[in-house]
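Quick notes on the structure that follows.
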Ligand code: IVH
């Protein structure tokens, strides 16, 4: 039995170690221990805290995610007001800012810092005697929402400042954001799961931070970087540059790529340099912030109620264009979610022609007050998804027509249901033809059952002509149905027989594909894999209750409820029976699966994907790797065995080179996927992955 004093010391030591490894992993991206070693430390701490409850304090790393969902956020005052920044858009305006600063300070030249302007949500995080006690949003600048429980879930954020003598009060100010890739993945997963998507990474970060359930926030990939401070007691700070040093010493993640610049010429050079490196950033940057470095000079300059006179934001021009809204249409997703879409006069933006832009949801449409006939400004948010930024209301003729949120489904005319919390408007008629089409399209899609021969047009034909009402009907088409299908224009014996073969082949798909294909709300392809891995078969999963579902990692209460509801429905129970009758593979541990896994060169390896592949989506590549028994992670560390790099790889590739992790290009990746490990020992084979590892350290990169 461990004594209390001993336990106290061990707990302190474990926390110190865990905090250090969190910092190495999340802030410095240079982990020193394996996930398993980290888990051991974490579990030992958990056990001790359970044994000695008096040692389980709030700032323990085991207490990041906790508590029941909130009913609302409480507004609290800022100790020091949180101002905003004035914006400029030209070199000329930037020069006049510098002239004003120099005139007010009575000097020829001033020292500045130039920092990226992160496009996120500003946050003020208060540490007292080194412990995180409060996190407030900017709100109206004087008071903000208390989002402490949510902010604590951000893994790169220390719950305690590092260093021996923390100041009595330190308010770190910075930005909460979502990395571009993580945002795309989140939106993809939401789309897969039938949820509404976010317009951009900023909205995704803001929406996530305002979720009332901290456990749900913990699953969102939020990050934080600091660039300022609010109230500070017990610490002397005299410049921005020194503040950066202190922030780093405290173990707080600091905005990347800040520069020092003396005088306007150096400032301009730094602003331009940052603009040139904008694409390298893993998160959205919408400008550069230029700040007077000296805090004494700042005090002399002061500011207005809204913004300081010692800083300015130089905003980079987004790729925008003007066009007109021809119509607003409503799409019905497979789970019945209604999404408004702007049909635009086709116009070029950032190298492609944009003719449609999703308006995401009706609240967004109302907030932006976009009307049919409006001239609108569009942009490619995050350089990828075209978005309608605003309507040019000053150009309205009076003929523009507001678009009202429909009260009936445009496809089946049944009444829609509006859910307050989810911003979603939903058609709940399971027989809605649009939903039936979308469900079938999803079932056959590449990411699900991958029945290539059934594309958009074929889905329409099968549903509209009553061949198929539910995906299961595909497996029960009669001889007469096949004969009838052959007679449709454009379809002959050959194409119908190809389709028949593709449907037959899909019976052997791994069961997670089937589960994902069923289109249960909130169950994306990754979740489907986790669930099947955890429960082994669809039947076992159908028996599970919400509690045991949540034991499978990454399954939150909403998904658990959705899965339970799905399998509780008698119609879906019947569906399960029919799936078995149709001979679909519903169990994961088929011997074929297992042998494929153990033979693969990727079995048991930790792999990271970066860049885009020509032959398949990143998601699919991830699935192939997982099928081969690999663990696929999002960031490169010392534990990574292989990085698979496609076109335009991101910073993960640099990291891989730095850590000498073997890098595999697409061609080699495809070869290795096909190649069981044993054959890599063949005399004439020179492309085993282990050899890659050795070559790599001798020659550097491989392509
Ligand atoms: S300094 C008193 N530095 O931009 C000035 N702000 O448009 C405090 N932001 O509210 C802000 N990156 O949320 C500063 N490097 C940076 C920033 C930054 C992003 C945000 C911040 C601010 C907004 C103003």
Within the stretch 521-653, the percent of DSSP beta bridges that are antiparallel, given to the nearest 5, stands at 20
Label points 7 Å out from Cα along the Cβ direction at residue 16 and residue 278: separation in nm?
4.6
Using the alpha-carbon centroid of each, what span in Å lies between the stretch 309-382 and the stretch 191-210?
16
Can you tell me the convex hull volume per residue for the stretch 320-400, based on C-alpha atoms, in Å³ to the nearest whole number?
94
Quick one: Kirkwood hydrodynamic radius for the stretch 508-652, alpha-carbon pairs, angstrom, one decimal?
16.4
Going fewest to most other Cβ atoms within 10 Å around each Cβ, 183, 244 line up as 244, 183
Provide Rg over Rh for the stretch 623-672; use the alpha carbon set for both Rg and the Kirkwood Rh (inverse mean inverse pair distance).
0.94
Of all DSSP beta bridges in the chain, antiparallel share, percent nearest 5
85
Can you grab the distance from the C-alpha centre of the stretch 652-670 to the C-alpha centre of the stretch 488-531, Å, no decimals?
32
Taking only C-alpha pairs under 8 Å that are 6+ residues apart, what is the relative contact order of the stretch 238-362 in percent?
16
Give me 25, 112, 475 ranked fewest to most by other Cβ atoms within 10 Å of their Cβ, as a rough exposure proxy.
475, 25, 112
Scattering curve values for the stretch 153-209, log₁₀ I(q)/I(0), Debye with Cα scatterers, q = 0.15, 0.21, 0.23, 0.27 Å⁻¹
-0.58, -0.84, -0.94, -1.14
Over all directions, average the projected area of the Cα convex hull of the stretch 104-235 and note it in nm².
10.7
Assuming a ≥ b ≥ c are the square roots of the Cα gyration tensor eigenvalues, decide whether the stretch 1-154 counts as rounded (a/c under 1.5), prolate (otherwise, with a/b larger than b/c) or oblate.
prolate
Pairwise label distance in nanometres, residue 262 with residue 404, each label 7 Å out on the Cα-Cβ vector:
6.7
Expected unfolding gain across residue 296-residue 505 under the 0.36 nm per residue rule, minus the alpha-carbon gap, is 67.9 nm
Degrees separating the helix 433-444 axis from the principal Cα axis of the chain, which is the longest one:
90
When only C-alpha pairs under 8 Å and at least 6 residues apart count, what is the relative contact order of the chain, in percent?
10
For the modelled label position 7 Å from the Cα of residue 131 along Cα-to-Cβ, which residues of the stretch 53-90 have backbone nitrogen atoms closer than 14 Å?
54-64
Binned at 10 Å from 0, what are the whole-percent values of the Cα-Cα distance distribution for the chain, short to long?
3, 12, 20, 25, 21, 13, 5, 1, 0, 0
Under 16 Å from a point placed 7 Å out from the Cα of residue 651 along the Cα-to-Cβ direction: which residues of the stretch 96-128 have their backbone N that close?
115-120
Assuming a ≥ b ≥ c are the square roots of the Cα gyration tensor eigenvalues, decide whether the stretch 453-537 counts as rounded (a/c under 1.5), prolate (otherwise, with a/b larger than b/c) or oblate.
prolate
Based on alpha-carbon centroids, what's the gap between the stretch 24-83 and the stretch 136-177 in Å, whole number please?
13
What FRET efficiency, computed as 1/(1 + (r/R0)^6) with R0 = 22 Å and r the Cβ-Cβ distance, is obtained for residue 80 and residue 58, rounded to the nearest 0.05?
0.35
Listed with the fewest Cβ neighbours within 10 Å leading, 231, 128 appear as 231, 128
Global geometry of the stretch 533-583, whether rounded, prolate or oblate, following the gyration tensor of its Cα atoms and the 1.5 cut on a/c
oblate
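Here, each number is a calculation from the coordinates, and none is a lab measurement. Because the structure is a prediction, the values reported are computed rather than measured. FYI the Cβ positions are ideal-geometry reconstructions off the backbone, even for glycines, and counts take in every protein chain you see.
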